[in-house]
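Below: the structure, in C-alpha cells.
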Amino acid sequence: MNKIVIAIDGYSACGKSTTAREVASVLGYTYIDSGAMYRAVTLYFHEHHVSLTNEKDVVGAIENIGIDFRVNKEAGRCDTYLNGMNVEKEIREMYISENVSQVSRIRAVREAMVNQQRKLGRKKGVVMDGRDIGTVVFPDAELKIFMLADIYVRSVRRQNELYERNQLVDLQEIRENLEKRDRIDTSREIGPLKQADDAVVLNTTFMTLEEQVDEVVNLALSKIVGKKEVSLGT
Ligand code: DC
C-alpha cells in the first residue's frame with residue numbers, strides 16, 4: 001500500500017506522542033519522537049558540561065552524539081539510546097524539560113537533528129511528532145496535524161504522565177514549565193513551532209486519546225487510499 005509521512009506538531013503535552021505512537025501502531029508505521037532526540041542532546045550537554053554559548057564546544061559535542069531508537073518489547077514502545085545507553089527514563093526528568101528548549105534553539109543542534117530526522121523518514125511509512133516536522137523537516141508530508149489544548153488540561157495530563165513514571169511534580173511547576181517552553185519554542189529564530197498552512201488543526205482539550213487516534217487514522221487512510229472518508233469498521 002501507498003506509504004505516507006505523517007507530521008504531528010504542536011504544543012508540549014497536547015497528546016502528540018501518545019497519539020503518534022498509537023497511529024503508527026494501527027497503520028504499521030514507524031513512530032519517531034523527535035522531542036526525545038532534543039532531550040537526549042540536552043542530557044549529553046548536561047553530563048559533559050557543554051557551554052550553550054560556546055559554538056565550538058557545541059559543534060564538537062554534537063559530533064560525539066549518536067542517537068537511535070530500539071524496541072522495548074516489555075514496555076511495548078521504542079526507547080531512546082544515547083551513544084548506546086538507554087536514556088529513556090532520564091530524558092523525561094524535569095531537569096531535562098527545564099533545559100531542553102534552550103538547547104533546541106541552537107542552530108547547530110537543529111541542523112544535526114533535522115538531518116537525522118530526514119534520514120529516518122526517507123522511506124516513508126513514518127509518524128513523526130515535534131514542533132517543526134510539517135514546516136521544516138518534511139514540508140512535503142502528505143498529512144500534517146497541528147495539535148493544541150487548554151493549558152490546564154495539558155498540565156494535568158503531563159502530571160499524570162510523570163506520576164506514572166513515579167515522579168511527583170507540583171501542577172504549578174509543570175504549568176510554568178509548559179508555558180516557558182511554549183514561549184521559547186514559538187519565538188526562536190530557527191524552526192519555530194508554528195502551524196503549517198496545510199495542517200489540520202486538532203484541539204484535544206475535550207478529546208479522549210481514542211478519539212484523537214481515530215481522527216488521525218481516518219485522515220491518514222483518506223490520504224493513503226485517496227478517498228475523502230474511510231470507515232474503519234468494527
Ligand atoms: O515533544 P517534547 O515535549 O518531548 O519536546 C521537548 C522539547 O524539544 C520541546 O520543548 C522543544 C524541542 N523540540 C523541538 O525544538 N523540535 C522538535 N521537532 C521537537 C522538540
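The 3J(HN,Hα) values that the Karplus relation (6.51, -1.76, 1.60; θ = phi - 60°) gives for the range 201-218 are, in residue order, 7, 10, 8, 9, 3, 10, 9, 7, 4, 4, 5, 5, 5, 4, 4, 6, 4, 4 Hz. Gly and Pro appear as x. Near E47: Cβ cut-off under 14 Å, other residues only, Lys/Arg at +1 and Asp/Glu at -1. The net charge is -2.
Using the Cα atoms as the points, what is the convex hull volume per residue of the range 1-136 in Å³?
Numbers: hull volume 14.9 nm³, N = 136.
Spread over its residues, the Cα hull of the range 1-136 gives 110 Å³ apiece.
Fraction of C-alpha pairs exceeding 29 angstrom in the chain: 25 percent, rounded to a whole number.
Taking the number of Cβ atoms within 10 Å of each Cβ as an exposure proxy, the fewest-first ranking of K56, K89, K144 is K56, K89, K144. The C-alpha atoms of the chain define a longest principal axis, and helix 34-47 lies at about 10 degrees to it. Compared with the dominant principal axis of the Cα atoms in the chain, helix 107-120 is inclined by about 40°. Placing +1 on the Cβ of every Lys and Arg and -1 on the Cβ of every Asp and Glu, with nothing else charged, gives the chain a dipole about its Cα centre of roughly 620 debye. With the simple model of a label 7 Å out from the Cα in the direction of the Cβ, V201 to E189 spans 3.0 nm. The C-alpha atoms of the chain define a longest principal axis, and helix 16-27 lies at about 50 degrees to it. When the Gaussian network model of the chain links Cα atoms closer than 10 Å, the mean-square fluctuations of A20, A75, A199 top out at A75.
About the Cα centre of the range 128-180, what is the dipole size in debye to 20, counting +1 per Lys and Arg Cβ and -1 per Asp and Glu Cβ, all else neutral?
Details: 8 positive and 11 negative charges, 17 e Å.
That gives the range 128-180 a dipole magnitude of about 80 debye.
Taking a ≥ b ≥ c as the square roots of the eigenvalues of the Cα gyration tensor, an a/c ratio below 1.5 marks the range 70-165 as rounded.
Distance from the alpha carbon centroid of the range 1-36 to that of the range 116-179 works out to 9 angstrom. Using equal-weight Cα scatterers in the Debye expression, the normalised intensity of the range 122-190 in log10 at q = 0.14, 0.18, 0.24 Å⁻¹ is -0.60, -0.85, -1.05. This model, with +1 at the C-beta of Lys and Arg and -1 at the C-beta of Asp and Glu, gives the range 55-116 a dipole about its Cα centre of some 180 debye.
The stretch between V153 and S222 holds 21.9 nm of extra length on full extension. This uses 0.36 nm per residue minus the Cα-Cα distance.
What is the ratio of the Cα radius of gyration of the range 155-234 to 2.2 N^0.38 Å, with N the residue count, to two decimals? Before the final figure, lay out the partial values.
Values: Rg = 17.1 Å, N = 80, 2.2 N^0.38 = 11.6 Å.
Compared with the compact-globule rule of thumb, the range 155-234 sits at 1.47.
Taking 0.36 nm per residue of separation and subtracting the Cα-Cα distance, full extension of the segment from N54 to A75 would add 3.7 nm.
All of the numbers you see were taken from the coordinates with simple rules; none came from a lab. Keep in mind that what you see is a predicted model, and the values were worked out from it rather than measured. Backbone-built Cβ (ideal geometry, glycine too); neighbour counts: all protein chains shown.
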